[in-house]
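Input: a single structure, listed below in structure tokens.
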Amino acid sequence: SAAANAGAPSFQRPAHAPNGVYMYGGVGTGKTFIMDLFFDAVPIEAKRRVHFNQFMLDVHARLHRLRGSREDGVEPIIVVVRELMEEGWLLCFDEFQVTDIADAMIMKRLFSLLLAHGAVLVATSNRPPRDLYLNGIQRDLFLPFIDMVEDTTVVHSLEESTTDYRLVKSFDAADGAYFLNGYDDAAKNAAAREQYETLFSEITKGGDVVKATLRTQGRTVNVGRAVLGCRTARFSFQELCGTASGAADFMIIAKSFYTIFLEDVPQLTLKDINVVSEPSPSPNFQILNIPLA
């Protein structure tokens, strides 16, 4: 009805709205650093910088809040768009990726409304727009969103970069990550394990290891080993990645702990594609990779 569509413009960008930027490339190429420089320097107040998964969780939470109601006859997604635009029309998304069908099915409607209201999109991603939601369920319904991204942003590739800036350390930087490969030699594996345990003791300052419970969106996330005073958690690969966990679970873990120790990481193959993902902004990971028996 006309009332139901009140405030819902057809997708046509305001003449004054500039194009955004969509940067993509491999990990460590500096995408997030460049976007953060831009976000800090751009002289406007109406801006928001957020991890994309966190943004979509926020959108779904707002839609859930409005479920079954229509403010002045306006459908909930339009109310959500109005709220988002009041909070900031410049939207900077880190790690733009789409793996959830629930996200994929609302993104064209959501972003057509945001862009029609004058929103400007700046995003970083590991993949070009044409590869978003690749092989996803009902992807044909998602393709118009890709066209929209390409029409309203300057798509810039950093794929030719050969430097992983995560590995470039300043003179006073502490060692941040330890990748210890498994060996055929049992003695070398034992030495790697000892080094890992020593590192854990140093970072946690010998603090008590306890169980912790986190809560997010009505769900309980159990952390079997945590040193709360140092905000450090420890997981096996199976505990962290082999259970039924969603983006919200990883978000609350990343928000709650500065450092995560991940151990017993198996060699992954394409059969393990469901657990090979980057669901959230990462805290400082310390990794011990010793093949499981």
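The values are calculated or read from the model by the stated rules, or taken from the named source; none is laboratory data. Since we're looking at a predicted model, the values are computed, not measured. For neighbour counting, all protein chains shown are included, and Cβ atoms are generated from backbone atoms with ideal geometry for every residue, glycine included. To get the accessible areas, we keep the full protein, side chains included, count just its heavy atoms, and leave off ligands, DNA and RNA. Shrake-Rupley method; radii C 1.70, N 1.55, O 1.52, S 1.80 Å.
Quick notes on this structure:
- Net length available on complete extension from F39 to C230 is 65.7 nm, with 0.36 nm assigned per residue and the Cα-Cα distance removed.
- Two-site label geometry, I203 and K188: point separation in nm, points 7 Å out along Cα→Cβ: 2.4 nm
- Heavy-atom accessible surface of the stretch 66-115: percent carbon and sulfur, 1.4 Å: 47 percent
- Other-chain or far-sequence residues with amide H under 5 Å of G20's (modelled H): L121, T153, V154
- Here the contact order of the stretch 24-98, divided by its residue count and restricted to Cα pairs under 8 Å and six or more residues apart, works out to 46 percent.
- In sequence order, the stretch 144-159 has phi-based couplings of x, 5, 4, 4, 5, 4, 5, 7, 10, 9, 8, 8, 10, 9, 10, 5 Hz under the Karplus curve 6.51 cos²θ - 1.76 cosθ + 1.60, θ = phi - 60°, and Gly or Pro positions carry x.
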